[in-house]
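The structure appears right after this line, and notes come after that.
The values are calculated or read from the model by the stated rules, or taken from the named source; none is laboratory data. Note that the structure is predicted; figures quoted are calculated from it, not measured. Cβ placement follows ideal geometry from the backbone for every residue including glycine, while neighbour counts extend to all protein chains displayed. These area figures cover heavy atoms from the full protein model, side chains too; ligands, DNA and RNA do not enter into them. Shrake-Rupley method; radii C 1.70, N 1.55, O 1.52, S 1.80 Å.
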Amino acid sequence: MKFRVNRDVLADAVAWAARVLPTRPAAPVLSGLLLEAGEELTLSAFDYDVSAQARVEAEVDEPGKVLIPGRLLAEISRSLPQEPVQIVTDGAEAVLTCGSAEFGLVTMPVEDFPTMPQMPPAVGAVGGGVFAAAVGQVAPAASRDDTLPMLTGIRVDIAGDAVTMAATDRYRIGARDFTWRPSQPDLNVSAMVPAKVLVEVAKSLRGGEVSIAMGDGVAGFESVGRSTTVRLLDEQFIDYRARLAGDWPLRADVRVGPFVEAIKRVALVAERNTRVKLSFTQGQVLIQAGGGDVGRGAEVVECDLRGDDIQIAFQSQFLLDGLTGIDTEFASVNMESPTRPALITDVPGDAAPAFHYLVMSLRIV
C-alpha cells in the first residue's frame, strides 16, 4: 500500500476516528485504526459497540489495507510539519514520512480486525446545525453514572416530521423539539442513544445534513464523509412529557446573557455545586450565593415577573446548564413554589418553546 494525503486532512480524520478507540481494549486489534486505500482513503475504528469511519481524498499509488495503533497515529499526525504525508507499507511496518520526519509504525494483523457493522436503513435527515444544537442543549442533563445505563442516553422520539430529544439524570430533564425530513411521512420510531456518542457526532459536524439511520438495535449517523454506528440502549425511559407539562402560576422572563453572566459572577464565592438563591420581585431578580468561609455575592438583573414574589434556589451548575442551552434573547423561568421544580424554556416570539429544561429546586437555608 502506498498513498499521499494532505497533513491537515489526515490529522483531522485520524483524530475523529480515534475518538471511539477504547482506553482498555478487550483485544489488541481494537486499539488499531484500519486504513484502506482505494479510490479514496478510509479510516475505520470499531470496539463492538461504536464504530467510526472517515473517508478523505488521497493520491493512491498502490491500494491496500493496514492496521496501525490508533492513538499513536493520532499523536503523530497532529505533530507533523505542514507537508504532504506519505504512508507506505514495508513488511510489518507502515512507514510514514512528512517532510524530513519519518516514522516506522509496527502494524497489526488486518485479518484480526472485526468486520465493521453495516449502516442500518436511513429514517430521515436534518440540518447539521439543528442537530448539533439539539444535542448540545439536552446532553448536559444526561447522567454520567454507568450503573444506570438508561440515564446515560438521549431519548430520540420521532413522529413524522417532528423529533424530540430528551435526557435526564433524575435531578433535571432537558428536551428539545425540532423538525426534519423523514424517509416516510408516517414514521414513528423511538430509541435510546448513548449521550456521549451523540455529543461526539455533534462535535464533528462540518455542515450539510445529518442522515440518521436506525434498525436492529443500532443507530447510525452520517454527514460529509463521516459515519458512526452505535448499539442502542434499552428503550425504557421516564414519561418526560408528563413532567414537563403542567400549570405554572409564576413566570419570570429574563435576558439570557446578563442573567447567565450574573449567576457566574455571584457563584464565584460559592463552593462547587452549591446553591444559588434567586429572589424574584416585580421588575428584577436578586441573585445571591456564598456566605460561608469564602464570602458572599449578590447581583440584580432586570426581569418581567408575572405572579407573586418568590424566592427559590438551585444548584448553580444545573441552573447554568439549562440557561446556556437557550438560543433566544429571553428565557422564561416558570415556577410553582420554592420547593417544586422550575421549568426553563426559550421564548421564541409567537411560536411554542422548542427547548424545555426542568430542574429541581433546593431548600433555602
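Remarks
- Accessible-area composition of segment 30-70, carbon plus sulfur, in percent [1.4 Å probe]: 40
- Selection among Thr324, Thr281, Tyr240 by position relative to the dipole of segment 233-365 gives Thr281 as farthest towards the positive end (Cβ unit charges, Cα centre).
- Toward the positive end of the charge dipole of segment 52-146, with +1 on the Cβ of Lys and Arg and -1 on the Cβ of Asp and Glu, the farthest Cα among Gly129, Thr107, Leu80 is that of Gly129.
- 26 Å Cα-Cα reach of Lys203 towards lysines, excluding residues that sit fewer than 8 places from it in its own chain: Lys264
- The chain, relative contact order in percent, only Cα pairs under 8 angstrom and at least six apart counted: 13
- Cross-link reach list, aspartates and glutamates versus Lys196, counting only Cα pairs under 16 Å and skipping chain neighbours closer than eight places: Asp47, Asp49, Asp145, Asp146, Asp169, Asp234
- The angle between the Cα long axis of helix 128-138 and the longest principal axis of the Cα atoms of the chain comes to about 50 degrees, rounded to the nearest 10.
- Annotation note: chymotrypsin sites (Phe, Trp or Tyr not before Pro) in segment 43-137 located in DSSP loop regions with a Cβ neighbour count of at most 15 within 10 Å are Tyr48.
- For Lys2, the aspartates and glutamates whose Cα comes closer than 13 Å to its Cα, not counting residues fewer than 8 places off in the same chain, are Glu36, Glu39, Glu40, Glu59, Asp61, Glu62, Asp90, Glu93.
- Accessible area in the full protein assembly, largest first, 1.4 Å probe, for Ile364, Ile312: Ile364, Ile312
- Debye-sum result for segment 186-229 in log10 I(q)/I(0), which assumes one identical scatterer on each alpha carbon, at q = 0.17 Å⁻¹: -0.49
- What the Cα convex hull of the chain gives, in volume per residue, is 169 Å³.
- Helix 256-266 and the long axis of the chain differ in direction by around 80°, with both axes built from C-alpha atoms.
- Mean-square fluctuations from a GNM of the chain, with a 10 angstrom spring cutoff on Cα atoms, peak among Ala142, Ala17, Ala262 at Ala262.
- Dimensions of segment 252-365 from C-alpha coordinates, computed as largest minus smallest value along each principal axis and given longest first, are 46, 26, 23 Å.
- Compactness of segment 2-53 - radius of gyration and Dmax, Cα, Å: 11.6, 33
- Whole-number accessible area per residue in Å² for segment 172-309, which is evaluated in the context of all protein chains at 1.4 Å: 53
- Added length on full extension, which subtracts the Cα-Cα distance from 0.36 nm per residue, Asp293 to Phe103: 62.9 nm
- For the residues Lys196, Lys264, a 1.4 Å probe over the protein chains yields an accessible-area ranking, largest first, of Lys196, Lys264.
- Summed over qualifying helices (DSSP H, 4 residues or more, each -39500 (n - 2.57)) and divided by its residue number, the chain shows a 222 nm mean residue ellipticity of -5500 deg cm²/dmol.
- Over segment 1-98 - Rg/Rh using Cα atoms and the Kirkwood inverse-distance radius: 0.94
- Stokes-Einstein diffusion for segment 44-91 at 25 °C, viscosity 0.890 mPa s, with a Kirkwood radius from C-alpha pairs, works out to 187 µm²/s.
- R0 of 22 Å, Cβ-Cβ distance Glu111-Glu57: FRET efficiency to nearest 0.05: 0.20
- The average projected area of segment 280-327, computed from the convex hull of its Cα atoms over all directions, is 4.2 nm².
- To the nearest ten degrees, helix 70-79 and the longest principal axis of the Cα atoms of the chain are 90 degrees apart.
- Take segment 1-75 with all the other protein chains still there, run a 1.4 Å probe, and you get 44 Å² of accessible area per residue.
- For segment 80-226, the convex hull spanned by the alpha carbon atoms encloses 166 Å³ per residue.
- Rg/Rg_globular for segment 237-299, with Rg_globular taken as 2.2 N^0.38 Å and Rg from C-alpha atoms: 1.41
- 5 Å binning of all Cα-Cα separations within segment 212-261, expressed as whole percents from 0 upward: 4, 13, 11, 10, 12, 11, 11, 18, 9, 1
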